[in-house]
Amino acid sequence: MAIRIAQLAGQGLFDCLTSALDALEIWRAVGSNLTSGRSGDYRDLKGEYMAKAETLFPILGGQNLSTLARSAAEAPLDSTGCLTEYRPIETRSILGKTTSQRGLPFTHTINPYRGCEFACRYCYARYAHEFLELRDPEEFERKIFFKQNAAWLLAQELARLKPGTEIALGTATDPYQPLERKQRITRSLLEVFARKSGFRLGIVTKSTLITRDVDLLQEIARRHKLTVHLTVTTMNAKLARILEPRAPRPDLRIRTIAQLRGAGIRAGVLCSPLMPGITDARNSINAVVKAAASAGADFFAASPLFLKPCSQPTFFRFVREHFPEKAADYERRYGASAFVSSEYRKRIADVVESVCREHKLGKRYLEHLAAGDEFSERIPPAEAQPWLPFARDEARA
């Protein structure tokens with residue numbers, strides 16, 4: 001046994017020395033290029049050598065999975081749905097810190113699930129599955145992971161946050177997607193908030209299931225500053241069915257707004273994303289605002305589509321199938337940048353502002369407004385939209 005251990009130790013030392021020599025060889029080659037003025041070759045040269053280097057841990061079979069990806073790969077199958085698998089996944093934290101440069105109105109996020117069964121064609125959160133080494137964009141809606149011990153983790157992590165911290169629930173998944181009926185993870189998180197106080201909590205969903213938790217939402221509203229956002233991108237039920245295949249119909253989401261408002265909960269409509277040439281026409285925006293106002297919504301907010309590379313294959317396929325005349329424009333526009341131009345963004349904001357004034361709908365963040373300024377008439381109403389980049393004809397409602 002002692003001899004075998006010595007052999008293994010010697011082999012391990014040999015592997016380390018070999019890797020060290022490989023590293024030295026890389027350094028020499030890189031240094032040679034740098035001194036010869038060919039610094040641009042560094043990345044390619046390093047990649048070539050790294051591709052040839054052997055792993056320091058041959059017992060792993062050459063795989064370099066992260067802890068999260070390994071956990072996902074080993075997660076047992078809990079149950080299945082229509083083309084969907086559900087699996088538990090271990091997590092060390094339920095509260096994430098935002099790192100976005102987009103000026104988001106919250107500093108922390110909670111996502112009780114990984115993946116989302118609603119399968120919205122435009123969803124920007126498909127990147128989240130890449131951390132699990134799941135590269136097929138469609139796996140985001142077909143392989144759903146539910147986080148274990150979420151409520152216990154949240155209770156520990158909230159204790160370390162200062163009062164007034166802005167927290168968003170449902171930024172990279174819908175917290176009330178179909179699996180929540182069985183797992184009740186979102187409800188368990190709300191139960192934790194109902195025992196705490198002093199935070200600013202925003203919830204984003206497309207689901208009517210949120211009305212199940214009205215009792216908890218009322219208690220949370222007494223203890224915190226609570227805002228619920230129901231996402232409604234269009235009132236056209238046929239368009240919504242192909243755009244958001246497994247989400248509830250738009251009229252049912254509007255009805256949910258009315259129920260939440262009837263329970264005294266601050267709730268409004270998030271009409272995002274607005275898709276150029278598809279849902280950004282004034283009559284389309286007006287239809288959603290009108291429905292929101294009739295349901296007693298507190299506010300209406302909207303922003304243009306931003307399309308990350310991870311979401312482009314799914315969305316471009318949707319456009320080619322249902323709006324083929326716009327496919328080339330979309331691929332040209334979003335192939336160059338994930339974001340629309342600042343001019344387009346400003347003009348869309350003017351349209352939204354104008355329609356909200358017409359229906360007397362408030363803004364999303366009232367604390368940022370001066371007293372009495374909510375429906376100010378100082379900004380002239382926007383005209384119809386001749387400037388839209390690829391919608392000279394009227395977009396579908």
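The values are calculated or read from the model by the stated rules, or taken from the named source; none is laboratory data. Given the structure is predicted, the values throughout are model-derived calculations rather than measurements. FYI the Cβ positions are ideal-geometry reconstructions off the backbone, even for glycines, and counts take in every protein chain you see.
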Lone qualifier among V214, V228 - being surrounded by 18 or more Cβ atoms within 10 Å (Cβ to Cβ) and either over 18 Å from S294 (Cβ atoms) or modelled with pLDDT of 95 or more (or both): V228
Close pairs from the range 332-355: first in a helix (DSSP H, G or I), partner surrounded by fewer than 14 Cβ atoms within 10 Å (Cβ to Cβ) and not hydroxyl-bearing (S, T, Y), Cβ under 7 Å, at least 6 apart: R347/W387; E353/I379; S354/P381
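Matching residues to (1) under 17 Å from K363 (Cα atoms); (2) within 22 Å of the chain's Cα centre (by Cα); (3) crowded, with 19+ Cβ neighbours inside 10 Å; (4) at pLDDT below 95:
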site	(1), (2), (3), (4)
N236	no, no, no, no
I242	no, yes, no, no
A247	no, yes, yes, no
R253	no, yes, yes, no
A258	no, no, no, no
Top-ranked residue in the range 336-367 [being modelled with pLDDT under 90 and touching a Pro at 6+ places or on another chain (Cβ under 9 Å); ranked as surrounded by the fewest Cβ atoms within 10 Å (Cβ to Cβ)]: Y365
Out of L134, L154, sole residue that is assigned to a helix (DSSP H, G or I), of a type outside the set (D, E) and buried (at least 16 other Cβ atoms within 10 Å of the Cβ): L154
Qualifying positions in the range 73-92 - of a type outside the set (K, R), in a strand (DSSP E or B) and touching a Pro at 6+ places or on another chain (Cβ under 8 Å): G81, P88
For F318: the one exception among (1) buried (at least 17 other Cβ atoms within 10 Å of the Cβ); (2) outside any helix (DSSP H, G or I); (3) out of contact with any Asp or Glu (no Cβ under 9 Å at 6 or more places or on another chain): (2)
